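J.: Questions regarding the structure given below will be posed in turn.
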Amino acid sequence: MASRISREKKRGPWVRYLMLLALLLIPSFLLSASSSNNFFKKAERYTVRVYSSTIVALEGAERGSSEGSGFVVHIDRREGVAYVATNKHVIDEGISSIQVSFKDGERFPATPIYIDPVYDFGMIKFELNESGVPANAVSAELGRSRTVEVGHPVGTFGNPMSLEYCATEGIISSVTNSPWGYDGAFLQTDAAINPGNSGGPLISLRNGKVIGINTAVSDESEGIGWSLAVDQLKPVIEQVIAGELPYAGRMGWLGVNLEEINLDRAREDFGAQYGFNHPRKALLVIDVFPKTPAARSGLQPGDVIYLINWMMPQDYADYLAMMRDVAGQNCEMLLYRLGQEIELEVEVEDRGELRPKEYVAFAGMTIQPTSPTVYESYYSMFSLECVFISDVLEGSSAEAWGMYSGYPIRGAIVNLNYHQIKSLDDFWNAVKDVAPGQPVEFFVGSPDNGWIIKVVYYYPSEAPLRERVEH
């Protein structure tokens with residue numbers, strides 16, 4: 001008996017220590033859970049559900065509809081309007097009408113006011129006097145995405161899979177990776193992002209501020225999603241709210257594939273190989289596409305760019321911001337090439353002028369030609385001329401028959417009813433006289449992801465329609 005009491009006394013301090021540690025940890029856990037709950041409750045007051053629909057201009061029939069998310073970034077009570085940030089793909093692509101709603105509220109109309117020429121970003125606005133606008137609606141507070149590090153706790157909020165106002169939690173998985181085919185700086189997260197989340201906020205669970213716009217998700221694995229980092233969008237949002245056109249609606253384009261070089265790599269790898277000793281971050285030229293401003297100026301793969309018009313690009317987002325100001329102009333670059341410092345003058349093209357000027361709507365799909373920027377960066381390596389599917393409407397014939405979009409790497413169309421398709425003219429001539437109920441055979445896919453034959457029948461309300469694109 002004595003020996004047992006002695007052992008219990010020896011265990012006593014450890015037991016008391018563990019109990020004290022538990023008492024310290026439990027309140028911290030409860031506080032964290034309580035904070036997340038409060039952040040999501042506030043998100044209910046600034047997050048909206050976005051409903052988009054398209055209509056056949058010739059027949060007045062509704063083609064289809066889609067849903068996404070958005071969040072209020074500014075409320076002007078004097079003017080009686082609110083401004084909403086969302087993804088471009090939620091409110092673009094031939095959309096004819098937009099409605100929004102708050103949680104448990106009725107739908108009311110909204111107006112698109114800005115579509116960004118580079119980022120997957122757009123803005124809409126609505127009147128505060130609409131009956132569905134709650135009196136306690138607030139603006140989201142924008143945080144600082146550039147200071148976020150891997151492991152930062154985050155949450156998503158939106159309307160995935162037509163479910164209303166769902167929250168998920170996770171962490172920032174990477175601050176350097178980006179989804180293929182998208183421009184701009186992104187935050188990668190393992191917090192669940194699903195169809196319908198697009199345009200919704202990525203929220204820091206440390207302070208409740210919005211640090212990104214949920215944009216894309218990997219369709220090949222789980223737990224990989226991307227949010228457009230908010231820092232690069234703040235100047236754009238401010239200009240739109242002020243009634244100004246960001247960067248005069250123009251965007252410069254060089255025709256290069258760039259990679260960010262961090263400080264350590266700049267000093268160690270390039271210091272040893274190229275004599276690069278500049279004490280800041282820089283951009284490495286990976287590829288230079290033919291017949292582009294970069295090629296004409298003499299830029300070469302392996303060049304390290306560290307000054308553009310005497311400003312230092314810290315990352316790819318900085319580079320894009322600099323390109324806004326030089327569209328259609330000349331810019332000076334200072335770079336290192338094999339240990340030598342070189343100055344170059346580059347005549348920057350206006351990327352907006354290179355975007356497709358028209359599209360064809362057919363069977364619930366939006367078909368566009370490839371722009372020179374995309375052709376040079378992807379299709380030129382395969383010597384492939386084609387058109388691509390930029391959008392497939394939910395509930396359309398195209399969706400029912402298994403067609404998919406995937407610009408630019410999945411939805412390329414190279415043959416239709418045994419006619420080779422190299423241009424939008426080819427596509428239009430092949431479908432303009434096809435009658436409803438008549439089969440249309442597509443050869444669709446991509447050079448490096450494989451091709452497949454799809455047969456589509458369409459409804460009269462989905463008849464071919466060719467329209468101009470206003471940029």
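J.: Among the residues of segment 313-327, write down those that are modelled with pLDDT of 75 or more and in contact with an Asp or Glu (Cβ under 8 Å, 6 or more places away or on another chain).
T.: Those that are modelled with pLDDT of 75 or more and in contact with an Asp or Glu (Cβ under 8 Å, 6 or more places away or on another chain): Leu320, Ala327.
J.: Here's a follow-up. What is the residue count in segment 120-138 for residues that are in contact (Cβ under 8 Å) with a residue 60 or more places away in the chain and closer than 17 Å to Gly68 by Cα?
T.: 4
J.: So is Pro369 closer than 15 Å to Leu283 by Cα, at pLDDT 80 or above and either outside the structural domain of Val175 (by TED's automatic domain parsing) or among the charged types (D, E, K, R) (or both) or not?
T.: Here the answer is no, as Pro369 does not meet what is asked.
J.: To continue, here is another question. From the list Val73, Val84, exactly one residue is in contact (Cβ under 8 Å) with a residue 60 or more places away in the chain and under 26 Å from Trp226 (Cβ atoms). Which is it?
T.: Just one listed residue meets the conditions, Val73.
J.: When you scan segment 135-187, how many residues do you find that are among the aliphatic types (A, V, I, L, M) and either under 17 Å from Ala43 (Cα atoms) or in contact with a helix residue (DSSP H, G or I) (Cβ under 7 Å, 6 or more places away or on another chain) (or both)?
T.: Number of matching residues: 9.
J.: Ok, one more. Yes or no: Leu233 outside the structural domain of Glu394 (by TED's automatic domain parsing) and in contact with a strand residue (DSSP E or B) (Cβ under 6 Å, 6 or more places away or on another chain)?
T.: So Leu233 does not fit the description; no.
J.: For residues in segment 437-450 being surrounded by 13 or more Cβ atoms within 10 Å (Cβ to Cβ) and at pLDDT below 85, which is farthest from the chain's Cα centre (by Cα)?
T.: The selected residue is Phe443.
J.: Next question, about the same structure. In segment 339-357, what residues are modelled with pLDDT under 80 and either part of a loop (DSSP other than H, G, I, E, B) or surrounded by fewer than 14 Cβ atoms within 10 Å (Cβ to Cβ) (or both)?
T.: The answer is Gly339, Arg355, Pro356, Lys357.
J.: Checking the condition in a loop (DSSP other than H, G, I, E, B), among the β-branched types (Val, Ile, Thr), buried (at least 20 other Cβ atoms within 10 Å of the Cβ) and at pLDDT 85 or above, which residue from Val84, Val148, Val72 passes?
T.: Val148
One line per residue, one yes/no per condition, for (1) closer than 30 Å to Asn257 by Cα; (2) in a loop (DSSP other than H, G, I, E, B); (3) at pLDDT below 75:
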site	(1), (2), (3)
Phe388	yes, no, no
Gly402	no, yes, no
Gly406	yes, yes, yes
Lys422	yes, yes, no
Ala435	no, yes, no
Tyr458	no, yes, no
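The values are calculated or read from the model by the stated rules, or taken from the named source; none is laboratory data. The structure presented is a predicted model; accordingly, all values stated were derived computationally and were not measured. As a convention, Cβ positions derive from the backbone with ideal geometry for all residues, glycine included, and neighbour counts pool all protein chains shown.
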